[in-house]
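Readers should treat all values here as calculations from the given coordinates under stated rules, not as data from a laboratory. As the structure is a prediction and not an experimental result, all values here were calculated from the model. Positions of Cβ are generated from backbone atoms using ideal geometry, with glycine treated the same way; all protein chains shown enter the neighbour counts.
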Amino acid sequence: MIYREAGQFKTSYASDQAIFPIAQDRWVVVLAVLAAFLVPPLVANEYWLQAILIPFLIYSLAALGLNLLTGYAGQLSLGTGGFMAVGAYAAFKLTTAFPGVNILIVFLIAGIVAAAVGLLFGIPSLRIKGFYLAVATLAAQFFLVWLFNKVAWFSNYASSGTITAPPRTVFGVMVTGPGATASARYVTALALVAVFALAAKNLVRGRVGRSWMAIRDRDIAAEIIGVRPLRTKLLAFGISSFYCGVAGAELVFLYLGSAETLAFDVGLSFLVLFMVIIGGLGSILGSFLGAAFIVLVPIFLTRVPRSVGLDLPVALQKQIELMVFGALIIFFLIVEPNGLARLWQITKEKLRLWPFPH
Amino acid sequence: MSVRRVIIGLLAIVVMAAPAVASAQAKEVFIPLLVYRTGPYAPSGIPIANGFVDYFSLVNERDGGLNGVKLAWEECETQYDTKQGVECYERLKAKGPVVVNPYSTGITYQLIPKAPVDKLVVFSMGYGMTAAADGRWFPWVFSFPTTYWSQASAVIRYIGQQEGGMDKLKGKKIAHIFHNSPYGKEANPTLETLSKQLGFDLTLLAVDHPGQEQKSTWLQVRRLNPDWIFMSGWGVMNQVAVKEAASIGYKMDHFIGNWWSANDSDVVPAGEGAKGYKGATFHAPGTSFKVHQDIVKFVYDKGKGSGKKEEMGSPLYNRGIVNAMLSAEAIRTAMTKFGNKPLTGEQVRWGFENLNLTEKRLEELGMKGFTHPIKVTCEDHEGNGPVLFQQWDGKKWSLVSDWIPTMREVVRPKIEEAAIQEGKKLGYEMRDCSKAG
């Protein structure tokens with residue numbers, strides 16, 4: 001009853017092409033975004049902000065980036081961690097070289113640097129695809145991490161090879177460095193992810209996204225109808241790497257505070273790929289759902305035994321957590337191979353008919 | 001006995017007991033333990049965690065806590081992973097801890113900027129960022145009894161002694177095999193400086209996380225045939241390295257691990273081949289000390305031990321004891337100034353900074369000959385303790401050297417230089433130690 005579109009008439013092209021054609025959706029999203037901006041900084045304690053919500057937002061952004069590439073353009077990539085590292089190290093080098101530049105601009109430029117690197121590693125995608133491309137991008141992952149570990153210039157010759165986020169402000173509010181409050185970091189991460197999610201949504205609804213999907217579904221057919229494969233694929237690599245690069249910079253500057261190359265190892269690439277698969281390939285919402293699943297569920301599982309009064313040894317607890325987490329992933333993929341986003345879509349379709357199903 | 005006497009007696013008891021009853025609830029000091037009992041670093045992480053917990057249990061069981069204040073702790077599994085470590089730290093921070101022992105250089109790097117904001121001591125005993133040993137720039141970080149840089153200088157001095165004099169080092173080939181992370185890289189600058197000063201050839205060989213794959217490293221070792229190998233490894237990397245060295249027939253008594261690379265679990269898998277392997281340390285191995293007997297008596301015999309009784313006395317287990325003891329003694333020092341009650345992070349920081357662990361105190365703790373006395377000051381959070389060397393004879397570790405002094409004249413100026421660099425990065429200012437309380 002609540003979720004009815006009866007009576008909502010689309011009288012113009014604009015209303016027909018809106019992101020959320022149904023009023024209920026629109027309001028829910030607007031309220032959710034408003035709530036995300038207002039509620040956690042006021043209500044949540046530092047643990048929630050710092051250890052759960054900020055990493056969730058950053059991983060969402062990375063998953064969003066990979067989803068554009070893998071979900072929409074069909075190019076399987078395992079180089080996400082490497083591209084995130086490019087963003088992080090670029091942001092570090094830029095902000096230490098130009099301390100006066102606003103950190104948000106630094107993030108964007110770092111994203112552009114990552115995009116350039118992504119373009120470079122996207123070139124093989126014209127000739128190879130599928131698993132072969134995954135292996136080629138894996139090379140990017142290993143090469144980039146090795147490069148940052150090997151060449152001391154990237155870490156400003158720090159003896160340990162660690163990069164540290166220096167204190168920087170946005171509109172006079174400290175957002176990076178030790179003095180920044182968790183709320184300030186959270187709002188910054190949220191603002192960035194909101195803007196980029198909107199941009200991604202519009203991108204995939206338009207000409208670019210349609211050409212990506214055409215390539216993904218059948219590249220030869222796409223070429224015949226006039227989509228230029230090289231340009232389209234490279235664009236996907238570039239934009240995806242841009243998103244990942246910004247996420248990598250945020251990972252160091254807003255979340256960890258300092259990082260070594262180990263933070264960007266191949267495990268991170270897999271993690272983001274899992275987020276995309278579990279959340280739903282080719283879905284903007286799916287990127288968020290997948291990130292939430294991968295970030296929140298392990299933390300939740302760690303806390304369950306203690307909260308019900310079971311005082312298990314930590315090692316056993318960790319092993320149980322890994323087993324349950326693995327089983328949950330398998331369960332979700334069996335129940336809905338298209339990811340959590342698809343589950344949500346089915347729920348909405350059921351809601352439209354509720355309470356009078358056929 | 002008259003009724004009056006009984007009443008007076010009862011009153012006296014009540015008056016004396018009342019404060020104890022009233023303040024019995026909150027008399028605890030909370031210490032978070034970031035442990036890793038799973039994952040590729042578990043072989044090193046388990047004995048440390050066990051030693052830690054057993055010593056804290058001992059303090060509670062034997063002494064009833066520190067001056068009547070019980071120690072409370074909670075473990076959190078990090079898998080030696082920085083991100084999980086940060087999550088653990090944030091979660092346990094809510095319980096009002098006073099000191100955190102990260103047990104990972106990576107996690108220490110994350111916590112150093114947070115410590116002054118959260119008013120919480122970061123105690124990275126013999127690891128972490130060496131630059132933070134300058135207390136004028138990093139008031140909240142402590143790395144005594146010694147640091148990686150001092151350790152490296154002591155290792156070179158030891159090698160010099162074995163060769164028959166520091167001048168004999170000229171032209172010798174020394175290889176440093178290190179974990180390719182902030183931790184493993186720590187010793188490199190010191191080794192490079194010393195190689196220039198003393199004229200030995202230094203080769204740096206990196207091993208990537210987690211360290212199971214070392215074939216190419218050992219091919220290089222074979223080609224190079226160094227006179228000495230120094231290793232900064234951790235977890236599974238150590239046993240692989242020792243096995244590889246044994247399989248290429250490297251002279252094991254010229255292979256020295258740093259103090260995180262010389263535990264039972266590192267040499268046992270290589271069997272006979274590991275015989276002769278050496279390691280740096282700052283405390284004795286084995287269970288021949290009174291503190292171990294006490295742990296058996298007060299903890300294991302009551303069924304409260306955290307590991308197996310037979311596994312006591314391994315170097316890393318003993319390291320856990322030393323670390324727990326130093327944390328406890330620092331809190332006790334703080335109590336001499338602020339009273340026997342649960343303290344704040346700031347008060348405990350004072351305790352760390354004024355810690356003076358004498359020979360006499362070590363004897364009282366049942367640790368005579370177990371480790372070295374330490375004095376910490378405002379400038380010097382390193383304590384600059386000397387280093388011991390131990391050797392594996394196929395069954396157990398035994399000490400093969402006296403206390404080898406570090407090269408403070410080389411290391412300290414470098415620490416001060418690095419502290420300025422690292423401190424400025426975080427926007428710190430130098431503290432005036434003459435005004436520190």
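When you restrict to C-alpha pairs under 8 Å that are six or more residues apart and normalise by the size of the stretch B:111-270, the relative contact order lands at 18 percent.
A DSSP coil position with no more than 12 other Cβ atoms inside 10 Å describes the following GluC sites (Glu not before Pro) in the stretch B:157-227: B:GLU213.
For chain B, a Gaussian network of Cα nodes joined below 10 Å ranks B:GLY171, B:GLY257, B:GLY286 by mean-square fluctuation, and the top entry is B:GLY171.
If you sort the three axes of the alpha carbon gyration tensor as a ≥ b ≥ c, you get a/c of 1.5 or more for the stretch A:111-259 and a/b no higher than b/c, which makes it oblate. Taking label positions 7 Å along the Cα-Cβ direction at both B:GLU61 and B:GLU311, the computed distance is 1.7 nm, reported to one decimal. Based on the convex hull around the alpha carbon atoms, the protein assembly as shown presents an average projected area of 43.4 nm². Beyond 21 Å in Cα-Cα separation lie the following of the pairs B:LYS70/B:LYS93; B:LYS119/B:LYS185; B:LYS114/B:LYS425; A:LYS93/B:LYS425; B:LYS341/B:LYS368; B:LYS27/B:LYS93: B:LYS119/B:LYS185; B:LYS341/B:LYS368. Would you calculate a helix-derived [θ] at 222 nm for chain A, using -39,500 (n - 2.57) for each DSSP H run of n ≥ 4 and dividing by the full residue count, to the nearest 500? Estimated from H runs of four or more residues: -21500 deg cm²/dmol.
Ranked for footprinting exposure by Cβ neighbours inside 10 Å, fewest first, B:ASP227, A:ASP16, B:ASP63 give A:ASP16, B:ASP63, B:ASP227. The eigenvalues of the Cα gyration tensor, multiplied by 5 and square-rooted, give the stretch B:343-415 an equivalent ellipsoid with semi-axes of 27, 19, 11 Å from largest to smallest. Among A:GLY238, A:GLY130, A:GLY111, whose mean-square fluctuation peaks in a Gaussian network model of chain A (Cα, cutoff 10 Å)? Residue with maximal mean-square fluctuation among A:GLY238, A:GLY130, A:GLY111: A:GLY130. Subtracting the Cα-Cα distance of B:VAL268 and B:ASP393 from their residue separation scaled by 0.36 nm leaves 43.9 nm.
Whole-percent P(r), the stretch B:383-430, all Cα pairs, 5 Å bins from 0: 5, 17, 15, 13, 12, 11, 10, 8, 6, 3, 0. Note on chain B: helix-only mean residue ellipticity at 222 nm, from DSSP H runs of 4+ residues weighted -39500 (n - 2.57) and normalised by residue number, equals -13500 deg cm²/dmol.
Partnerless cysteines in the protein assembly as shown, where a partner means another cysteine C-beta under 4.7 angstrom, comprise A:CYS244.
In order along the stretch B:264-276, phi translates into HN-Hα couplings of 3, 5, 7, 9, 4, x, 7, x, 4, x, 7, 3, x Hz, rounded to whole numbers, per the Karplus curve 6.51 cos²θ - 1.76 cosθ + 1.60 with θ = phi - 60° and x for Gly and Pro. Shape of chain B from its Cα gyration tensor (a ≥ b ≥ c, root eigenvalues): rounded if a/c is under 1.5, otherwise prolate when a/b > b/c, or oblate? Prolate, since a/c reaches 1.5 and a/b exceeds b/c.
The residues B:GLU346, B:GLU359, when put in order of fewest to most other Cβ atoms within 10 Å, stand as B:GLU359, B:GLU346. Cα-based values for the stretch A:173-231, radius of gyration first and Dmax second, are 18.8, 56 Å. The value of relative contact order for chain A, using C-alpha pairs under 8 Å at least six residues apart, is 28 percent.
Comparing A:SER159, A:SER269, A:SER258 in a Gaussian network model of chain A (Cα springs below 10 Å), the most mobile by mean-square fluctuation is A:SER159. In terms of surrounding Cβ atoms within a 10 Å radius of their Cβ, A:CYS244, B:CYS76, B:CYS378 rank from fewest to most as B:CYS378, B:CYS76, A:CYS244. Between 0 and 90 degrees, the angle of helix B:408-425 with respect to the longest Cα principal axis of chain B falls at about 70 degrees.
Calculate the translational D of the stretch A:141-213 in whole µm² s⁻¹ from Stokes-Einstein, where the hydrodynamic radius comes from the Kirkwood formula applied to all Cα pairs, the temperature is 4 °C and the viscosity 1.567 mPa s.
Rounded, D is 83 µm²/s.
Close amide H pairs (under 5 Å, H built 1.01 Å from N) link B:GLU74 with B:ILE31, B:LEU33, residues at least 5 positions away or on another chain. Where a ≥ b ≥ c are the square roots of the eigenvalues of the C-alpha gyration tensor, would you call chain A rounded, which needs a/c under 1.5, or, failing that, prolate if a/b is larger than b/c, or oblate? Rounded, because the longest to shortest axis ratio a/c is under 1.5.
Cα centroid separation, the stretch A:155-219 to the stretch A:228-292: 10 Å. What helices does chain A have that are whole DSSP H segments, at least 24 Å long along their own axis by Cα, and with mean Kyte-Doolittle hydropathy of 0.5 or more? Flagged H segments are A:23-43, A:80-97, A:103-122, A:131-150, A:182-205, A:229-250, A:284-307, A:314-335. Seen against the Cα atoms of chain B and their longest principal axis, helix B:215-224 is set at about 60 degrees.
Quick check on my link table: of B:LYS309/B:LYS396; B:LYS360/B:LYS396; B:LYS172/B:LYS375; B:LYS360/B:LYS395, which ones sit more than 26 Å apart, alpha carbon to alpha carbon? Show your work: numbers first, answer last.
Numbers: B:LYS309/B:LYS396 16 Å; B:LYS360/B:LYS396 28 Å; B:LYS172/B:LYS375 35 Å; B:LYS360/B:LYS395 32 Å.
Going by Cα-Cα distance, B:LYS360/B:LYS396; B:LYS172/B:LYS375; B:LYS360/B:LYS395 fall outside the 26 Å limit.
Entry note, the stretch A:241-358: relative contact order of 24 percent, from Cα contacts under 8 Å with a spacing of 6+ residues. Helix B:3-22 and the longest principal axis of the C-alpha atoms of chain B enclose an angle of approximately 40°. Restricting the chymotrypsin sites (Phe, Trp or Tyr not before Pro) of the stretch A:151-191 to loop positions (DSSP other than H, G, I, E, B) with no more than 14 neighbouring Cβ atoms within 10 Å leaves A:TYR157, A:PHE171.
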